[in-house]
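Asker: This is the structure I want to talk about, given as structure tokens.
The values are calculated or read from the model by the stated rules, or taken from the named source; none is laboratory data. Since this is a predicted model, take the numbers as computed values, not measurements. Glycine also receives a Cβ, built like all others from the backbone with ideal geometry; neighbour counts cover every protein chain displayed.
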Amino acid sequence: MASDDLQNMSSSEILELQKKNCIFCKIISKEIPSNEIYSDDRVMVILDINPAAEGHCIILPKQHYQILPQIPDELVGYLFKTAKKISKSLLKSLAVQGTTIFVANGGLAGQKAPHFMLHVIPRKPGDLLFRLPKNNMDEKELDAVQGLLSLMKKPEKKQQAKEQKEKAEEKPKKKPVKKEREAKPKPDKSAKVNIDDIAGLFLGGKNG
């Protein structure tokens, strides 16, 4: 297909085209035979036909995804839960001493097919697999890389701000204190009133 045709296609149309041409989608749909180990409604586990070691398994999501960032978090968790089961099975059945679980995420990482897969590889002493080079980095270089990859710091700050806001909202609002009116002294009803004294106020203080 010409590149111009691809540019005119929608993302959903491109995805459907990828599915039609994906060898692992054909394995999942049983169009191509495989050495199946396990299958359910979400994943399928098969033996690698070019294994790094005896018992090398591949865990495939049944829905087509090319790379890890495209996969929903819930399914990512389920893929690794399946890897745990497969790893346990390999340790028991093949009497190996360990397993390596890895993802080749993208072409530069060694991904050969455009369908995400999780590898579970049995390990034995002296198998010489995955001998990664060790590169020395000084403290300044490590700090620089840490600054670039500090993805976890921002969410933590946002979370702290959110928690502080929630705490502030939870505090009970102070009700305005009502000032009590000063009670006026009530007249003493027990005191006897002298009528003659009151009359004297009007008469200049003289009687008769």
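Asker: Could you please find all residues in the stretch 71-89 being within 13 Å of residue 58 (Cβ to Cβ) and either aliphatic (A, V, I, L, M) or touching a helix residue (DSSP H, G or I) at 6+ places or on another chain (Cβ under 6 Å) (or both)?
Answerer: Hits for the stretch 71-89 are 79, 83, 86.
Asker: A further question follows. Being exposed (fewer than 12 other Cβ atoms within 10 Å of the Cβ) and under 16 Å from residue 38 (Cα atoms) is the filter here; which residues of the stretch 93-134 pass it?
Answerer: 93
Asker: Can you name the residue in the stretch 114-136 that is without any contact (Cβ under 8 Å) to a residue 60 or more places away in the chain and of a type in the set (Lys, Arg) and, of all such residues, is nearest to residue 50 (Cα to Cα)?
Answerer: Initially, the stretch 114-136 is screened for residues without any contact (Cβ under 8 Å) to a residue 60 or more places away in the chain, giving 116, 125-126, 128, 130-136.
Subset that is of a type in the set (Lys, Arg): 131, 134.
Values: 131: 19, 134: 27 Å.
The qualifying residue nearest to residue 50 (Cα to Cα) is 131.
For (1) among the hydrophobic types (A, V, I, L, M, F, W, C); (2) over 26 Å from residue 99 (Cα atoms); (3) loosely packed, with under 10 Cβ neighbours inside 10 Å, each residue gets a yes or a no:
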{"site": "7", "(1), (2), (3)": "no, yes, yes"}
{"site": "35", "(1), (2), (3)": "no, no, no"}
{"site": "47", "(1), (2), (3)": "yes, no, no"}
{"site": "56", "(1), (2), (3)": "no, no, no"}
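Asker: To continue, here is another question. Could you tell me whether any residue of the stretch 17-40 is in contact with a helix residue (DSSP H, G or I) (Cβ under 6 Å, 6 or more places away or on another chain) and part of a strand (DSSP E or B)? Give the derivation first.
Answerer: Step one: list which residues in the stretch 17-40 are in contact with a helix residue (DSSP H, G or I) (Cβ under 6 Å, 6 or more places away or on another chain), which gives 19, 25, 32, 34.
Next, from what is left, pick out any that are part of a strand (DSSP E or B): none.
Checked the stretch 17-40: no residue is in contact with a helix residue (DSSP H, G or I) (Cβ under 6 Å, 6 or more places away or on another chain) and part of a strand (DSSP E or B).
Asker: Further, regarding this structure: Quick one: residue 66 ticks every box in (1) at pLDDT 95 or above; (2) closer than 25 Å to residue 30 by Cβ bar one, so which box is it?
Answerer: Of the numbered conditions (1) at pLDDT 95 or above; (2) closer than 25 Å to residue 30 by Cβ, the odd one out for residue 66 is (1).
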